[in-house]
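Comments concern the structure below.
Just so it is clear, none of the values below were taken in a lab; they were calculated from the coordinates. No experiment lies behind these values; they were computed from the predicted model shown. Because the Cβ atoms are built from the backbone with ideal geometry, glycine has one as well, and the counts that use them run over all protein chains shown.
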Amino acid sequence: MRMRGARGGAGCGHGEGARIQADELLVLVAGGDHRAFEDLYALVSGPVYGLVRRVVRDPAQSEEVAQEVLLETWRSAARFDPGRGSALSWILTLAHRRAVDRVRSARAAGEREQREAQRAGEPAFDQVAEEVEAGLEREWVRRCLQRLTDLQRQSVTLAYYDGYTYREVAERLSLPLGTVKTRMRDGLTRLRQCLGGAA
């Protein structure tokens, strides 16, 4: 089961009909129905990936976490209580918890590595210089983004800062997918050229 193949269904998880369908499917999944799980997967994988991506940011890790969530959905479907909310809400709650856990785990691992490096007598990072450099980089990115057209800037910001897929960006901006892809490509080219001049 690959997340990429299911992303096109990102918009399928919305609406009353889809909510009721997800409820019915999850009840069947709890009974071990494999076909129902395939249908549920197609229905919710897009929303799950979108939520995880906005929390985790990294695309590869987001795919991994989303797969873990869908596997957990299969394993723990019997714990779903329709009386306490919709199946989609229940699954997205699992996704949010798992995504937050991944971010916390990565942060803790980074802090652990830094402590170990300090104990080993390796020179600590110069935090002030690092923060200044990061601040300058953010300022350059902000300036370069201002040089893009409004549509290019909106597209790039939604995709790379808010974690939306191209299809989701197109839906949010009410534009054809091809137009968004073209504006994104042109915007990224201009951004790359601008940032190259900042180096």
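Expected output is a single nm value to one decimal: the length gained when fully extending between Ala78 and Glu64, i.e. 0.36 nm times separation in residues minus the C-alpha distance. What is it?
Between Ala78 and Glu64, full extension yields 2.7 nm more.
Calculate, in whole percent, how much of the Cα-Cα pair population of region 40-96 lies beyond 16 Å.
36
Quick one: compute a quarter of the convex hull surface over the Cα atoms of region 3-107 and quote it in nm².
Its Cα hull, projected and averaged over all orientations, spans 6.2 nm².
Net charge near Arg147, counting Lys/Arg +1 and Asp/Glu -1 over other residues with Cβ under 11 Å of its Cβ?
Every neighbour counted, the sum reads +4.
Taking the Cα-to-Cβ direction at Arg192 and at Arg19 and moving 7 Å from each Cα, how far apart do the two end points lie in nm?
Once both label points are built, they end up 4.3 nm from each other.
Between Ser174 and Asp150, take the C-beta separation as r, use R0 = 22 Å, and let me know the FRET efficiency to the nearest 0.05.
Efficiency at R0 = 22 Å is approximately 0.95.
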